[in-house]
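Engineer: One structure follows; several queries about it will come next.
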């Protein structure tokens, strides 16, 4: 059965084209995916991300639990509200899911995990939590709105009580705080996102989510759908779970080695497999591709290198760059001249370092 967020009727009233996304009925665009993309890069756009899963972990041993659960080190989190991006791994080092961990206090951590992986994530987290006597609580009573773009933070701050604006406005990247809107609604505001632009992701009580969305709309924030979200995140060099990584892929094979902390004395799940892989040599690598010829790079296309074949994972036309870009997984080693098989024609592509776009601007070499 397809699930709907609290904003479903609102999307339809705004003329959204709806599609199935991981079992959720979600807007792909509201008329023009390209306009929505540029709106986020140049001003401010908002996304309904209420399908994401908020999970609260509580208990006296709660800090010990994520030390084992995730590959990054929560020991870095010392100030309430600070967050980090990380992955949960299986024993083979494969990625069960990528997520954000918030440190709320010594007895309270918050996780935000992907929508399509909700059931397996909750089962995995609950199973691992038993040894630590940690209580795992899903929070379906919340909605979530991501407001992204160079003017996004000011738009959100304008909806908060005056006494909260300065404090929330000073939040650093990957930090969060609780605040109250001018309408008296408590919200959780995190300086995080999935677009490569600055902005906030705001957790709102579900009953007030429609009013919060409409207040943003009245403030000039334009709605954006999954289509723009996908082109924005790929330009920003951000992986999509299920397409760029999954349980058969380690973080090292997904260009996420930076999310692994091999700190002494912390035996997180999958650590042994990662150390074995590093010692033997990582067999595959995730790379960025740019195609200067006309055409579009798409998921599943064959990538030809000097070391063998790879595959395009995420591919799209980049509205910011005006050309096709992609993530591909190819054999490790020097790849030589790289081509992509597009309907039987070998088209040359360039390997580039991602992100492709940073803060609205093309990176050197694009």
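Engineer: Show me the ranking of peptides 175-183, 320-328, 132-140 by mean Cβ neighbours inside 10 Å, starting with the highest.
Structural biologist: Working: 175-183: 17.0, 320-328: 21.7, 132-140: 15.0.
Packing order, densest peptide first, comes out as 320-328, 175-183, 132-140.
Engineer: With no solvent and one equal point scatterer per Cα, compute the Debye intensity ratio I(q)/I(0) for the stretch 1-89 at 0.14, 0.15 Å⁻¹ and report its log10, rounded to two decimals.
Structural biologist: After summing over all Cα pairs, the log10 values are -0.76, -0.81.
Engineer: Could you calculate the FRET efficiency of residue 32 with residue 218 from 1/(1 + (r/R0)^6), where r is the beta carbon distance between them and R0 is 25 Å, rounded to 0.05?
Structural biologist: After rounding to 0.05, the efficiency reads 0.75.
Engineer: Sort 124, 213 by Cβ crowding within 10 Å, fewest neighbours at the top.
Structural biologist: Least to most surrounded, the residues fall as 124, 213.
Engineer: Using only alpha carbon pairs under 8 Å that are at least six residues apart, calculate the relative contact order of the stretch 283-366 and give it in whole percent.
Structural biologist: Taking the mean separation of contacting Cα pairs over the length of the stretch 283-366, I get 34 percent.
Engineer: To check my understanding: the extent here is largest minus smallest coordinate of the Cα atoms along each principal axis. What are those three numbers for the stretch 211-366, in Å, largest first?
Structural biologist: Result, largest extent first: 56, 48, 27 Å.
Engineer: Quick one: length gained pulling residue 292 to residue 341 fully straight, 0.36 nm per residue minus the C-alpha distance?
Structural biologist: 16.2 nm
Engineer: Between residue 350 and residue 12, what is the label-point separation in nm under the 7 Å Cα-to-beta-carbon projection?
Structural biologist: That separation, rounded to one decimal, is 4.7 nm.
Engineer: Percent relative contact order of the chain, based on C-alpha pairs within less than 8 angstrom and at least six residues apart?
Structural biologist: It rounds to 18 percent for the chain.
Engineer: Can you tell me what the convex hull of the Cα atoms of the stretch 1-52 projects to on average, as an area in nm²? Don't skip to the answer; put the middle values down first.
Structural biologist: Numbers: hull surface 15.1 nm².
Average of the hull's projected areas for the stretch 1-52 equals 3.8 nm².
Engineer: Still on this structure, please answer the following. Once every DSSP H run of n ≥ 4 in the chain is given -39500 (n - 2.57) and the sum is divided by its residues, what mean residue ellipticity at 222 nm do you get, rounded to the nearest 500 deg cm²/dmol?
Structural biologist: Calculated mean residue ellipticity at 222 nm is -6000 deg cm²/dmol.
Engineer: Thinking of the stretch 283-366 as a set of Cα atoms, what percent of all their pairs are more than 15 Å apart?
Structural biologist: 51
Engineer: Taking Cα centroids, how far is the stretch 325-363 from the stretch 263-307 in Å?
Structural biologist: 13
Engineer: Apply the Kirkwood formula to the chain: the hydrodynamic radius equals the inverse of the mean of 1/r over all pairs of different alpha-carbon atoms; give it in Å with one decimal. Before the final figure, lay out each step's value.
Structural biologist: Details: mean 1/r = 0.0468 Å⁻¹.
Across the chain, the inverse of the average 1/r is 21.4 Å.
Engineer: With a point put 7 Å past each Cα toward its Cβ, work out how far residue 108 is from residue 170 in nm, to one decimal.
Structural biologist: 2.1
Engineer: Let me ask something additional. Mind ordering 223-232, 329-338, 186-195 by average Cβ neighbours within 10 Å, highest first?
Structural biologist: Ranked by mean Cβ neighbours within 10 Å, highest first: 223-232, 186-195, 329-338.
Engineer: Follow-up question, since we're still on this one. Enumerate the residues in the stretch 14-44 having an amide nitrogen under 14 Å from the point lying 7 Å beyond the Cα of residue 119 toward its Cβ.
Structural biologist: Under 14 Å, as judged by backbone N against the label point of residue 119, lie 22-24 of the stretch 14-44.
Engineer: So if I take the centroid of the Cα atoms in the stretch 6-74 and the same for the stretch 121-192, what is the distance between those two points in Å?
Structural biologist: Each part's Cα centre sits 12 Å from the other's.
Engineer: Using a Gaussian network model of the chain with C-alpha springs under 10 Å, which one of 344, 22, 105 is most mobile by mean-square fluctuation?
Structural biologist: 344
Engineer: Given R₀ = 35 Å, what would the calculated FRET efficiency be for residue 262 paired with residue 180, taking r from the Cβ atoms and rounding to 0.05?
Structural biologist: 0.30
Only the coordinates and a few stated rules stand behind these numbers; no lab work does. What you see is a predicted model; the values in this text were computed from it and never measured. For neighbour counting, all protein chains shown are included, and Cβ atoms are generated from backbone atoms with ideal geometry for every residue, glycine included.
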